[in-house]
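Only one structure is covered here, and it is reproduced in the block below.
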Amino acid sequence: VRAGIDLGGTKIQAVVVDDGDSVVGQARRSTPTHGGPEDVVEAIAAALEEAAKTAGARDALTGIGVGSPGHVDSATGTVASARNLPNWIEPFPLGERLASRFGVPVRVGNDVGTAVEAEAALGAGRPFRSFLGLWWGTGVGGGIMVDRHRWLGRGAAGEIGHMVIKLGGAKCTCGRRGCVEAYAGRAAMERRVERAQKGGTKTRLFELMKEHKHDHLTSSVWQHALDEHDGLAERLIERAIQALGAGAASAVNLIDVEAVVIGGGLGMRLGEPGVARIREAMLPHLFVDERPPELRLSELGDLGGAIAAARLAPSSPTPAR
Ligand SMILES: [Zn+2]
C-alpha cells in the first residue's frame, strides 16, 4: 500500500491506497496555524499514522506521496514559499524529514498539478485530450493538460490564479495587483471581509466561523453564510465567480482546451450550481463564443488531492535511506 498526503492551508488529509488506487484507510488533521514547518510535519505524521492504523497497514507501506502548496522542488522534496502554511518561506526538506521518520521513500509534488493529473487519469478529465484544471480554494491554482500530459512550461505553468484580470486592481496574496486570486482566493476574500466589517458593513461571516468552531472563513462557513443570504457573502462570492470566469475564459482564448474542470475546497463546496455560475461568467469573455468549452466538477472530490498524492509514491518497495 501507498500513502498520500494532501497538504492544504486548512486541513491535512491522509489516505492509504492499494494497488488499484482504492482507499483502504484515511485520517484528517487541521493544518497548524502557528509555529512552522516542524509543526506541520508533526501534524502530517499524526494523520499518516492514523490512516495507516485504520488500514491495518503500518508495516506494509512502500512509499508516501505528498501534494504540497508553495514552490515544490520534486527532485529534492524541498518546499519553499508556502504562504498558506505557518512561517514557511525558506526552503524546508519536507520529503527527507518524512522519509527518515517513516523509513520509506517520499515524493513531493505540487498540490494542484498532482490533483489535475489525477482527474485526467481517474476523474472528470478522462474524456478529454486537453483541459484546464481550475482549483478554487485558499488560493486559486491550476493545471493545463495538453494531449493527456500536463504542460509544465519551465516548471511553473498553470498559475491561473495569477492571471491579471484588472490592471492596478486588488492586492493579491502574491504581492502583485489585479490577479484572479485577489478576488477569488479564500485567503484574499477573508481579508476583504475584515476590511468591510471594519468599515461598518454588517455580516454574520465571522460569527458563523466562531459558532462552527473554525479559525478561518472555511468553505463551510461561506456555505452557511450563503444559506442565510448574508449580503456581503453573496456579493463577494459573485465577485469571485466573475473573476474566475474572466480568468478561465482568457485562458481558453489562449490555449483553446476542450474543457475546464473545477476543483478545490470552495469549488467542491459550491458544487454543480457553482460550476454553472462560472460557465455563465465565462461566456461574455470567450472569443469563439459559439463553442464554449465543457465545464465539469472534479469527480475525485474531497479525497481527490490525497489519492492524487498517493499516485506520486513509488509502488514497489525500495530500501529506505
Ligand atoms: Zn497574484
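Pairs of lysine residues in the chain that meet both criteria, 8 or more places apart or on different chains and Cα atoms under 21 Å apart, total 7. Seen against the Cα atoms of the chain and their longest principal axis, helix 111-122 is set at about 80 degrees.
In the elastic network of the chain, a GNM with C-alpha springs shorter than 10 Å, the most mobile of Thr218, Thr201, Thr76 is Thr201.
On a full-extension model of 0.36 nm per residue, what is the gain between Arg176 and Lys198, subtracting their alpha-carbon distance, rounded to one decimal in nm?
5.6 nm
When you restrict to C-alpha pairs under 8 Å that are six or more residues apart and normalise by the size of the chain, the relative contact order lands at 22 percent. Helix 231-255 axis versus longest C-alpha principal axis of the chain: approximately 80°, rounded to the nearest ten. Taking only Cα atoms, what is the 0 to 90° angle, nearest 10, from helix 37-55's long axis to the longest principal axis of the chain? The two axes meet at around 70 degrees. For the pair the stretch 169-243 / the stretch 76-139, the C-alpha centres are spaced 25 Å from each other.
Each reported figure results from applying straightforward, stated rules to the coordinates on display, with no laboratory input. The model shown is predicted, which means the values in this text are computed figures rather than measured ones.
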